[in-house]
1. Where the second residue is in a loop (DSSP other than H, G, I, E, B) and of a type in the set (D, E) and the first is modelled with pLDDT of 95 or more and buried (at least 24 other Cβ atoms within 10 Å of the Cβ) and lies in segment 95-122, which pairs have Cβ atoms under 9 Å and are six or more apart or on separate chains?
2. Does segment 208-225 contain any residue that is surrounded by fewer than 23 Cβ atoms within 10 Å (Cβ to Cβ) and in contact with a Gly (Cβ under 7 Å, 6 or more places away or on another chain)?
3. Going by the conditions given, is A182 buried (at least 24 other Cβ atoms within 10 Å of the Cβ) and out of contact with any Asp or Glu (no Cβ under 7 Å at 6 or more places or on another chain)?
4. Inside segment 1-108, counting only helices (runs of 4 or more DSSP H) that do not spill past its ends, which hold 2 or more residues that are more than 30 Å from N158 (Cα to Cα)?
5. Evaluate segment 157-165: report whether one residue or more is in contact with a strand residue (DSSP E or B) (Cβ under 6 Å, 6 or more places away or on another chain) and modelled with pLDDT of 95 or more.
6. For residues that are under 21 Å from the mean Cα position of the chain (by Cα) and in a loop (DSSP other than H, G, I, E, B), scanning just segment 248-272, find the one that is surrounded by the most Cβ atoms within 10 Å (Cβ to Cβ).
7. Being small (G, A, S) and outside any helix (DSSP H, G or I) is the filter; apply it to segment 151-198 and report the residue that is farthest from A94 (Cα to Cα).
8. Just checking, which of S40, S46 is of a type in the set (S, T, N, Q), more than 18 Å from S98 (Cβ to Cβ) and surrounded by 14 or more Cβ atoms within 10 Å (Cβ to Cβ)?
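The values are calculated or read from the model by the stated rules, or taken from the named source; none is laboratory data. As the structure is a computational prediction, the values presented were derived from the model and not from experiment. Every residue, glycine among them, receives a Cβ derived from its backbone with ideal geometry; neighbour counts consider all protein chains shown.
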Amino acid sequence: MNFTKGEELLALCQVHKRGIHAVMLRREMELTELSEMSLSAKLRVSLDVMQRAVERGLTQDKKSVSGLLGGDAKKVSEHAEKTKAVCGSLMSKAVSRSMAVLEVNATMGKVVAAPTAGSSGIVPGVLLTLAEEFMLDDDALLKGLMTAGAIGLIITRNATVAGAEGGCQAETGSAAAMAAAAVVELMGGTPAMALHAAAICLQNVLGLVCDPIAGLVEVPCQHRNALGAANALVSAEMALAGVTSVVPFDEVVEAMYRVGRALPCELRETALGGLAGTPTGQRIKGELA
């Protein structure tokens, strides 16, 4: 049941007539020699951390050590509750929750790297919102996390999820792709649709740079997690409607890696270019030094 590419994953899904989450579960059982119950228990720990991070991020008023983050997720959430949200209820909730997790990360709280700490808000922000809106239980969310994990696995095997190597496209782009694929399967879409959604996600942010101000995983990381949540939902919606990616998922992943490697070092998490290199970015860096 092992696979390293999207086309191999689809072939396994077709042969065994199973969804991505089921193929990924079987793969993990074979590689780890753990039972389904044991793997589910481990995954529940991650889900619990995600749920706690969202809750804490939406209720705390604690500022990060740098003072750059703190309270913005709560602002977005409360604004959507007080007035009709421009983005709609579901989108606003996903955005605020993805932002909440980044605030928890910035205040030294516990998060799940999904696939990295800098992109940790997208998967929980999207999946927990979906669960609330469509009344999905934790067992369904575990399946979603398995599907997300399968997409993350393929990307890490064939490209990268590190901002220092591939820019923010590799971090928040990969996280959005993982979340989008999970949404598609949870909403009854096919494995092929899930891969189309993941491919569309990566295409949408191809070339996105990694330029953290003062080298901290705070700004613009939090805003890009919000964008990643929206990207995941939009891409999933298109795929569920039958929209396909002209370029296959595996080729999109390869293109993302090539683009990331072509980015100058100033735009790959060195805090030398992009927003980090602006006068304001440099001033903040000096103040925090």
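1. Here the result reads L102/E218; E103/E218; N105/E218; A106/E218; G118/E269, each pair linking segment 95-122 to a residue that is in a loop (DSSP other than H, G, I, E, B) and of a type in the set (D, E).
2. Looking for residues that are surrounded by fewer than 23 Cβ atoms within 10 Å (Cβ to Cβ) and in contact with a Gly (Cβ under 7 Å, 6 or more places away or on another chain), one finds at least one in segment 208-225, hence yes.
3. Working: buried (at least 24 other Cβ atoms within 10 Å of the Cβ): yes; out of contact with any Asp or Glu (no Cβ under 7 Å at 6 or more places or on another chain): yes.
Against the criterion (buried (at least 24 other Cβ atoms within 10 Å of the Cβ) and out of contact with any Asp or Glu (no Cβ under 7 Å at 6 or more places or on another chain)), A182 qualifies.
4. On the way: elements: 6-16, 20-32, 36-59, 72-82, 89-106.
Output list reads 36-59, 72-82, 89-106.
5. Taking segment 157-165 as the starting set, the residues that turn out to be in contact with a strand residue (DSSP E or B) (Cβ under 6 Å, 6 or more places away or on another chain) are 163-164.
Filter once more, keeping what is modelled with pLDDT of 95 or more: 163-164.
Yes, segment 157-165 contains a residue that is in contact with a strand residue (DSSP E or B) (Cβ under 6 Å, 6 or more places away or on another chain) and modelled with pLDDT of 95 or more.
6. Ranking the qualifying residues of segment 248-272, first place goes to E269.
7. Filtering segment 151-198 down to residues small (G, A, S) leaves 152, 159, 162-164, 166-167, 170, 173-177, 179-182, 188-189, 192, 194, 197-198.
Now drop any that are not outside any helix (DSSP H, G or I), which leaves 159, 162, 167, 188-189.
Values: A159: 27, A162: 23, G167: 23, G188: 20, G189: 20 Å.
The selected residue is A159.
8. On the way: S46 fails: more than 18 Å from S98 (Cβ to Cβ).
Exactly one residue qualifies, and that residue is S40.
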